[in-house]
Each structure stands twice: as C-alpha cells, then as structure tokens.
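Worksheet for the structure shown next.
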Amino acid sequence: MLKKYILLFSLLLWMSSPVSAQLVTDPKQVYEVGQSLNLTSPYHTTLTFFYNLEEGNYKPENAAKALDLSDAQTKDGQRLAVKLKQIFEGKGIIVRINEIPNEQNYQDSVSGTSENIYYFDKKKLPGIFLQKTENNWKFSAFSVSQIDELHSETYPYGTAKLLNILPKIGNEEYLGLHLWQLVGLFILLLLIFFSHWLFTLVVDKVMLYLFKRYGYGKVGEDYILPVARVISIYLIVVLLSLFIRVLQLPIEIWSWILVVLRTLKPFLITVIFYKMADVVAAYFAKLATKTESTLDDQLVPLMRKTLKAFVIIVGTMFILRDGLNLDIIPFLTGLSIGGVAIALAAQDTIKNFFGSIMIFIDKPFQVGDWITSGDIDGTVEEVGFRSTRVRTFRNSLMYVPNGKIADAILDNHGLRQYRRFYTTLTITYDTPPALIEEFVKGLREIVLAHPRTRKDAYHVYFNNLSSFSQDIMFYIFFEVPTWGDELTCRHEILIQIVKLANSIGVRFAFPTQTLHMESFPEKKTLIPEYKGGYEAKVHEFVQEELKPKKD
C-alpha cells in the first residue's frame, strides 16, 4: 500500500510540473489583450478577468470590474472575483480563448432566446454566464449572486479556508511546484495514510473480531471484508476529490484528474454493490436451506446473477453520466428503439425467460422431482433462465426450454403423497378355496403390519380366473417421498408375500399347459394333497413374521 501512495505522489509531481500553465489556453493572448480593461465582447471580458487574477499580474480590483454588482448584496467585488476564479479552477473548466466569440452583439442561438448571453459550460456551470449590459459584457448579476453558493459547493466542509491558509506557507518553487503545494500534498498523503489505517483497524480488527465472536467469522472474511476494502478505497477517492482541488494544480492536469476522480466514484460504488450482491445471495441461500423446496436453492444463483447484471448496467449509466459527463438520454433512446428490434428477434428467448419466472413463482416442481410431459420423462436437475435440465432414466440430459414447460401439462410424480403399488398374484388352479381365503387374509395382515403403507385405502381380493391361474389383486399405497424409498418398500412387501406363500403351501402359477393322466399302479398322482389347518398356519405366520419382536 505504501508503494501505491508513493507512486501516486510521484505521478502528481510529474503531472503538475508545468507551473506556468494558466486557466485559459493561450497566455500570450491574455497578456496582450487582458492588460487593458476591455469589456466590449465576451472575448475581451474573459481575457480582462483572468489576466488580472494571474499570479504575475494580480489586480483583483480590475477583475472585479468584469462583474455586474448591481444586484449584489455586497459590493466587495474583489472577493467575489477571486472566488469566481477559484470556482473555475475547482470545477476543472478550461477556458479556450479561441472558442470565445469576439462579437460585440453576440447572441446565444443555442438556448433559443437570442439574448446577448455567453455560457462557459452549461453542464458544469449553468449559472455562470456573461451578459451584455448597456455596451459592456460582464458576468451577469444572477451569476454574481450564485458565486458564494457555488464556492461552498466546490470547496465543501471548510476546505475553502485552506485556500487562504496554505499559500501563506511560501511561494518558493521546488520540483515544479510551490512550497505550499508541496506541503499540501504531504498533508494530503498523511491524511490518506491515517484514514486508511483507521478504517483498516475498524474493519480488520474490530468488525472482524465481532463477527468471529458471534460465530460469523467466515461470513466476515468471505463477504464483509472484501466490501469493506473497496469502501476504504472509495473513502480515499472522496478525500482526494475534496482536498486536492485546494492545491490549485495547473488546470490542464487538474481537469484530467477531476475526470478520473469523478469516474472512480461511481465505478467504486458499482464495485461495492456488485460485491454486496454476494452478501445478499449468501443471506437468501441460508434462508433457502431452511425450506423444504429445493427450487429455492436454484433461485439463489439466478438472483445473484440478475442482481450483478442490474448493478453493472446501472453503474455503467452513472459512470457515463457523472464520471465522463456524457449525455446518456440519446443512448437510452437508441437502446429502447434497439430493444424493440431485439425483442422481436428474440421472442423465444424472452418467452423462455418469463417461463422461468413463472416456474419460480408457481413452483410446479422442484429439483429432484420426477416429472412427465409428452417426451419429457426424468428427474429435474437444474432450473436456469432459459431452460430446465432433466436427467432421463437413460441417464441422458435433456434441456427443455422454460417457455415450453410453462405452457405444457406436467405430471409431477415427486409431489405424490402416496405411491401406488399394483400387481396381480397368480396362484395355481389346484389351490383350495379355503387356502385362498386364508392367503388373502395373510396378505392384508402384511399390508397392515408394514410401517409405510396406507392403512385406510388398500384392496386385496381374489378377483379373477384366468386361463392358467387364479388371480388375486394386490393394490396398495406407500407413504414415501422418493422412488428409492418406494422400491425399498416394494422389496419388503414382496419378500413377506413369498414367505407367507411358502409357509402355508401356496404355489404361484405361470403360463404352462399340464397334461393330467390317470394314476398308474404303484405311482402317486401329481396333484398335491391339501390336509387343511390353513387358519392355524396363517396365524402362526402372522405371529412369527409380522408381529414386532421384543428386544
């Protein structure tokens, strides 16, 4: 940091070396014309005013004659003349002699009034202008009435007093600068060092200590500290803009320094808000973790990008307007006209953008949900500004425009409260009715005993005789959040069904054709023997397999 300030100090010395530079662009003309009191045209009045306030020919009483004091509350024209020159210097206005009209009856045609008025700079000094009074051109009475206010605005917070204090130190020249200017630069650098040290102490030590004490050390280091450092640089720029104009550096150099300082202010403010977008996004990310919806987690990065884009656009406008003094109205007008053409050419993109907004507002699904719509079938992975990424069950990635999703009929399987499981249990035709009845009762006990099945809506019935089997409808619901949990429950239920069938002797049928023959002597028939006692066996299965076991 010390090297930066030394480099800045050297740069100021190098830039300010031409001490002989004047507020006006042609000092020779100032000397030739300004040494006589001539107020016959804007050209001569300007030369008369500035010539009599130059260091080598300081006659403020002559410069005061270029002021219209008819309506002034004070008749101290010399003080007002000096202040007016300091206003020109502080605002960084270069008076270009060759551009000033040398006509006694000059009229300002730009304003549309055709009055005998001449403005030096309508943007920086709209209230300061020359006006023809009788046969002489003078700074108008209105301009004179604005001098004290403009002077306080140009040198705020008491810095105007330094304009009278610093020159008393000495006018000897060293390194191309007056002694009082060198002293002023030294004091300014000390002030910058002290302010930076103080701000660093408050932020790096005190504020960061408080963040760590209350458990937010990472937030302070990752988000608050970067913002605070940019604020520190901004405060240094503010101090420079306030105090460096008191040094009255050569106008050619000071005008460029002023442009740089004016540009740095909105630029640094833009950087501060750009970094603040990360702080805001981190706060909303923390809030998003407290909600059940995973769509909020996708909204936070999009919000951060939107905020940063908005900050850059607005900051650029302020840099162009306040920093570079450019008229942004034509630019905005052209942007609006061009925006219509862009909007017509990018209808699909705009549709997708608003589709993404509707997705975040309506929340028809969230990240991780299984959705189905036409050819779309898969799990949502990410929702962007233009498209939504869906991972299909083939493990491919499908990019679906948000405009299409917003207009489509979506089946969100992830929002199901219950997940249906429907299958048909086929048993052989040789199963006796009594065994079927007990098997169905055992199946119902399996459903009731499972902790994640819906107990108020299930259907287990012997409901069909097919070509090769007797069919039992097994229709139940699982109360689980994900497909993986559903598969786990299916596995558990099916295992219990197989165990029940094996324990009571139920055989599952499959498409076959059986040829039954009469029993041969000394050979048993293929038909199994059913000996009864099914109810006791089912009861035994329920007690052993379905009842919770004591630890």
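The values are calculated or read from the model by the stated rules, or taken from the named source; none is laboratory data. Predicted model only: the values in this text are computed from it and were never measured. Here the Cβ positions follow ideal geometry from the backbone for every residue, glycine too, while neighbour counts run over all protein chains shown. Note: areas computed on protein heavy atoms with side chains; ligands, DNA, RNA excluded. Shrake-Rupley method; radii C 1.70, N 1.55, O 1.52, S 1.80 Å.
Model label sites at L302 and I357, defined 7 Å from Cα along the beta-carbon direction, differ in position by 1.1 nm. Summing Lys and Arg as +1 and Asp and Glu as -1 over all other residues whose Cβ lies under 11 Å from the Cβ of Y155 gives a net charge of +2. Taking every DSSP bridge with both residues inside segment 34-141, close to 90 percent are antiparallel.
For segment 346-437, give the percent of accessible area contributed by carbon and sulfur heavy atoms, probe 1.4 Å, rounded to a whole number.
Working: 2720 of 5080 Å².
Ligands and nucleic acids excluded, carbon and sulfur reach 53 percent.
All other residues whose Cβ lies under 13 angstrom from that of R420 are scored, Lys and Arg at +1 and Asp and Glu at -1, for a net of +2. Accessible area per residue was computed with a 1.4 Å probe on protein heavy atoms; M358 scores about 90 Å². Computed from point charges on the beta carbon alone (+1 for Lys and Arg, -1 for Asp and Glu), the dipole magnitude for segment 73-168 about its Cα centre is near 400 Debye. Modelled spin-label separation between D322 and L448, with each label point placed 7 Å from Cα along the Cα-to-Cβ direction: 7.6 nm. Take every Cα pair under 8 Å whose residues are at least 6 apart in sequence, average their separation, divide by the length of segment 47-162, and the relative contact order is 25 percent.
Distance from the alpha carbon centroid of segment 248-287 to that of segment 481-505 works out to 65 angstrom. Among residues other than Q86 with Cβ under 11 Å from its Cβ, the summed charge is +4 (Lys and Arg +1, Asp and Glu -1). Computed extension gain for E61 through A141, at 0.36 nm per residue and net of the alpha carbon distance, reaches 27.1 nm.
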